[in-house]
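K.L.:
I'd like to ask you about the structure that follows.
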Ligand code: MN
């Protein structure tokens, strides 16, 4: 049986269907299928998560700043409070059950908030490279420096690589128990791991849009799915 990866429902309009298809294709190449979990009932969503072999937290809207004790600034997008709550509970359930978790873009931000960290609500004024470039999503936007002795370093097998970038927020204060494993040249956190949860990986870029042409980016999905198969 191929591993089944639980993912929170992202929506079914044309744009979201397209964005969802990139995760589905990347996971399919790695030998896994996706179960879309509805987010309208967070308790049910966390139960369904535990029934899957792993959890992938994907990109999406900005997390409600109330979650990290801040008022929403004008530059912060409108939150989806139901999805915030469901994803926090799904993440808690997955970590509790020892399920592998791969958190991408909004996902790494949800992970940081879950561990008690905060987010920059908008990095456009502070950034020195362009971190929001939808049209270059299948190519690279900026380099990242990868810290040695990390899961990410083992999987990407390099200390510096180019990634795409489709975010206007980033991790500010790091959540307790998390460790930074990659940064952009202008100092934003691009990947995190957790010593207590060796099956958790968060990345700020979108490997699902690069994985068709980049074996290095597809390797992240391959390793995640392999880990989900082993954890079964
Ligand atoms: Mn970036």
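Values in this text are rule-based calculations from the coordinates and carry no lab data. These figures come from a predicted structure and were not determined experimentally. In this analysis, Cβ positions are derived from the backbone assuming ideal geometry, glycine residues included, and neighbour counts consider all displayed protein chains.
K.L.:
Of all the residues that make up segment 155-197, how many are away from the ligand (no atom under 14 Å from the Cβ) and surrounded by 16 or more Cβ atoms within 10 Å (Cβ to Cβ)?
P.N.:
Count: 10.
K.L.:
On to the next question. Go through segment 132-142 and give me each residue that's in a helix (DSSP H, G or I) and within 14 Å of the ligand (Cβ to nearest atom). Steps first, answer last, please.
P.N.:
First pass over segment 132-142, keeping only residues in a helix (DSSP H, G or I): 134-136.
Within segment 132-142, 134, 136 meet the criteria.
K.L.:
While we're on this one: Among the residues of segment 143-154, write down those that are within 12 Å of residue 203 (Cβ to Cβ), in contact with a helix residue (DSSP H, G or I) (Cβ under 9 Å, 6 or more places away or on another chain) and away from the ligand (no atom under 16 Å from the Cβ).
P.N.:
Result: 151, single match.
K.L.:
Looking at residue 19, is it under 15 Å from the mean Cα position of the chain (by Cα) and part of a loop (DSSP other than H, G, I, E, B)?
P.N.:
Working: under 15 Å from the mean Cα position of the chain (by Cα): yes; part of a loop (DSSP other than H, G, I, E, B): no.
When the stated conditions are applied, residue 19 does not pass them.
K.L.:
Another question, if that's okay. Exactly one condition in (1) more than 12 Å from the ligand (Cβ to nearest atom); (2) exposed (fewer than 14 other Cβ atoms within 10 Å of the Cβ) is false for residue 129; which is it?
P.N.:
(1)
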